[in-house]
Amino acid sequence: MLGICRGRRKFLAASLTVLFVPAVTWIYLFAGSFEDGKPVSLSPLESQPHSPRYTASSQRERESLEVRMREVEEENRVLRKQLSLAQSRGPAHHRANHSKTYSMEEGTGDSESLRAGIVAGNSSECGQQPAVEKCETIHVAIVCAGYNASRDVVTLVKSVLFHRRNPLHFHLIADAIAKQILATLFQTWMVPAVRIDFYDADELKSEVSWIPNKHYSGIYGLMKLVLTKTLPSNLERVIVLDTDITFATDIAELWAVFHKFKGQQVLGLVENQSDWYLGNLWKNHRPWPALGRGYNTGVILLLLDKLRKMKWEQMWRLTAERELMSMLSTSLADQDIFNAVIKQNPFLVYQLPCFWNVQLSDHTRSEQCYRDVSDLKVIHWNSPKKLRVKNKHVEFFRNLYLTFLEYDGNLLRRELFGCPSEADVNSENLQKQLSELDEDDLCYEFRRERFTVHRTHLYFLHYEYEPASDNTDVTLVAQLSMDRLQMLEAICKHWEGPISLALYLSDAEAQQFLRYAQGSEVLMSRHNVGYHIVYKEGQFYPVNLLRNVAMKHISTPYMFLSDIDFLPMYGLYEYLRKSVIQLDLANTKKALIVPAFETLRYRLSFPKSKAELLSMLDMGTLFTFRYHVWTKGHAPTNFAKWRTATTPYRVEWEADFEPYVVVRKDCPEYDRRFVGFGWNKVAHIMELDAQEYEFTVLPNAYMIHMPHAPSFDITKFRSNKQYRICLKTLKEEFQQDMSRHYGFAALKYLTAENNS
């Protein structure tokens, strides 16, 4: 800022010089033209050498003064030009603390002199009012389709939220998959002063499907062309971003650039930093027509109201139709068509400084956009190679990207003080529920966890599965944290059917999981596994919330409610599908029990049949699950009867019963009040019994629990007396709720508990 102020003082001094120097000079000359009180003529016609007052020295003095006069007039002319040029640049609104940004592509729209030099960069002007009001909403449009793009959007949004100081309104042009993922994500993220609107990308396909496109973005890469029709008619301006963008500054600085548009300028774009449109990348390379190097459309400023008045829709369509007659298809999707339009109508473009879109594809001139970290504003990973792109400073850019990739999104839920937020019903209900809790209650943290809204990213990896047409399909449902990740491959080998998993991870752990999954041939070969990330928050493991998330997002009529530490027997998936038909699960309230066993050996030769399992039981290699720790949990399964059973048999509910069951997808959810260790499955089985589910044991099904280190929550349960007291309190409250909800029939649960 000091540098800008100093610069203004220089211009002020220059202005005074323009006015003061000529005046002083003329006074001096005028005074010097008098001698003895009489005027001395400066006219050469009147200054005769024969004049008695004429001397050689006075002649030289006058000639010298005339030369000086011409020099002063020339200096004044230059100063006036500089002042006029400075005023035409307008105010620059950039972040403080930075000195200069060096660019060969400074955005002026019409000033070539500024494009060629070193430009004033990231400093705020002295005493200048900001071009963006404090609470002005900034509108951002993003086209997003599919699972991978949904992940990319999150990183982009994080980088924008990290720097932002204004309310944001995101306009997401999304397909059905991306909408489901991102709607849930933003609903559970609950970021203040952020509004999300979705527009159906599938409905827009007909608008651009007639354009052949070779770009990897496919048909969605053309949809920025139709934003004037898609976005609300009262929306005047919008920033359009690709999903592979990372912000390194406040997006309000980019929004402020709209104030610099002049005349018919309606598009703000950065010059393309590769040689693509120059047509010299390889022999017979024939790109679409473009103005010079062309422009990159990863970052676009659109003046929508003016574009509509100019009939933008007709303009780009006519251009595309004409060029496709010879080009046959686009190579860079919408970018080719934008550039063809600009080639014919260069007045449409306001050229942005190149630091607003530092393009990191191979062989670009991106290094000319910055000389220091402080110069960077927007990084664009516009190469299919993404983080593996070749660039001199790619390690720095990669680290910046990874910072936002792994940044805790919960920290971005900060209020914008002084800016009114739209009423959010979910947020208001949450605050009301929390306000009703007693913070002095020793079990306050347990009770609070029940109402905590965990940020949730559904389908973190690609998911593709169509349930069997015979309506017998079963999804295995489980939840896990990072320390159980090693079980995934084994479960996938044992269960070929669809799987729905809820993973409780931090942002950084989610990326570790992504790398693990992408490096696993077993996991990458399975597209019928839905991975749903529930982000960490609070001090307890929200086990029942995780189960509910996994249950909610299945596409089959039935589900097998398992745990991640269990390996199902080989062939269990097909066996359960047959059992569903045999026991008429579609028309009856049944819970099919899969008997649970365990081994204490980390390396186990997994039994391939019931006979082999019984042999291992007799040898002491296997045991009925938790028989030595928590017998009541599975005793009602009646393992003695199971040994010889050949047909399904019914068992009755007993206190603390917690079997693993197969049920219809419409079964009740798990009770969220139970977190960490203790009573989380017991309460669910109790509610199934209260709803008159019939418990049926399958005679030829089994699952085996694999050994692992004790979880953090069971360690807390064993070592913390208050933990056990709170669990007992929650259990009693649950039983009271059951009695109120199910009436007289639920009294048996209180009786059974007292007798146990």
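Descriptive notes on the structure:
- Matching residues, the range 229-246, being modelled with pLDDT of 95 or more, outside any loop (DSSP other than H, G, I, E, B) and open to solvent by less than 20 Å² (accessible area, probe 1.4 Å): 238, 239, 240, 241
- Among the residues of this structure, residue 273 counts as one that is modelled with pLDDT under 90, touching a strand residue (DSSP E or B) at 6+ places or on another chain (Cβ under 6 Å), buried (at least 19 other Cβ atoms within 10 Å of the Cβ) and assigned by the TED database to the domain that holds residue 241.
- Residue in the range 642-655 that is most open to solvent (accessible area, probe 1.4 Å), counting only those that are within 22 Å of residue 575 (Cβ to Cβ) and either of a type in the set (A, V, I, L, M, F, W, C) or without any contact (Cβ under 8 Å) to a residue 40 or more places away in the chain (or both): 644
- Hey, residue 636 more than 42 Å from the chain's Cα centre (by Cα) and assigned by the TED database to the domain that holds residue 532 or not: yes
- Residues of the range 608-641 that are surrounded by 19 or more Cβ atoms within 10 Å (Cβ to Cβ), touching a residue at least 40 places away in the same chain (Cβ under 8 Å) and not in a helix (DSSP H, G or I): 622, 625.
- Residue within the range 260-268 that is in contact (Cβ under 8 Å) with a residue 60 or more places away in the chain, out of contact with any Leu (no Cβ under 7 Å at 6 or more places or on another chain), assigned to a loop (DSSP other than H, G, I, E, B) and closer than 21 Å to residue 156 by Cα present: no
- Meets criteria (surrounded by 13 or more Cβ atoms within 10 Å (Cβ to Cβ), in a helix (DSSP H, G or I) and touching a helix residue (DSSP H, G or I) at 6+ places or on another chain (Cβ under 9 Å)) for residue 688: no
- Taken together, 684, 634, 628, 705 contain a single residue that is over 30 Å from residue 452 (Cα atoms) and in contact with a Pro (Cβ under 8 Å, 6 or more places away or on another chain), which is 634.
- For first residues located in the range 181-208 and at positive phi and modelled with pLDDT under 95, partners that are of a type in the set (Val, Ile, Thr) and not in a strand (DSSP E or B) and lie 6+ apart or on another chain with Cβ distances below 7 Å form the pairs 190/453.
- Positions within the range 676-694 being modelled with pLDDT of 90 or more and not charged (D, E, K, R), in sequence order: 682, 683, 684, 685, 686, 688, 690, 691, 693
- Positions within the range 333-347 being outside any helix (DSSP H, G or I) and open to solvent by 10 Å² or more (accessible area, probe 1.4 Å), in sequence order: 345
- Taking each residue of the range 508-525 that is under 16 Å from residue 403 (Cβ atoms) and looking for partners that are open to solvent by 20 Å² or more (accessible area, probe 1.4 Å) and among the hydrophobic types (A, V, I, L, M, F, W, C) with beta-carbon atoms closer than 7 Å, six or more apart or interchain, yields 509/482; 511/405.
- Residues of the range 546-602 that turn out to be part of a loop (DSSP other than H, G, I, E, B) and either in contact (Cβ under 8 Å) with a residue 12 or more places away in the chain or crowded, with 23+ Cβ neighbours inside 10 Å (or both), as a count: 21
- All positions within the range 473-500 that are in contact (Cβ under 8 Å) with a residue 24 or more places away in the chain, open to solvent by 10 Å² or more (accessible area, probe 1.4 Å) and within 28 Å of residue 402 (Cα to Cα): 479, 481, 482, 483, 484, 485, 487, 489
- Scanning the range 702-716 for residues that are at pLDDT 75 or above and assigned to a loop (DSSP other than H, G, I, E, B) returns 702, 706, 707.
- The set of residues in the range 656-673 that are within 20 Å of residue 471 (Cα to Cα), open to solvent by 20 Å² or more (accessible area, probe 1.4 Å) and touching a residue at least 40 places away in the same chain (Cβ under 8 Å) comprises 664, 665.
- Only one of 523, 545 that is within 22 Å of residue 482 (Cβ to Cβ) and out of contact with any Asp or Glu (no Cβ under 7 Å at 6 or more places or on another chain): 545
The values are calculated or read from the model by the stated rules, or taken from the named source; none is laboratory data. None of the values given here were measured: they were computed from a predicted structure. Here Cβ is always computed from backbone atoms with ideal geometry, including for glycine, and neighbour counts include all displayed protein chains. Surface areas here come from the heavy atoms of the whole protein model, side chains and all, with no ligands, DNA or RNA. Shrake-Rupley method; radii C 1.70, N 1.55, O 1.52, S 1.80 Å.
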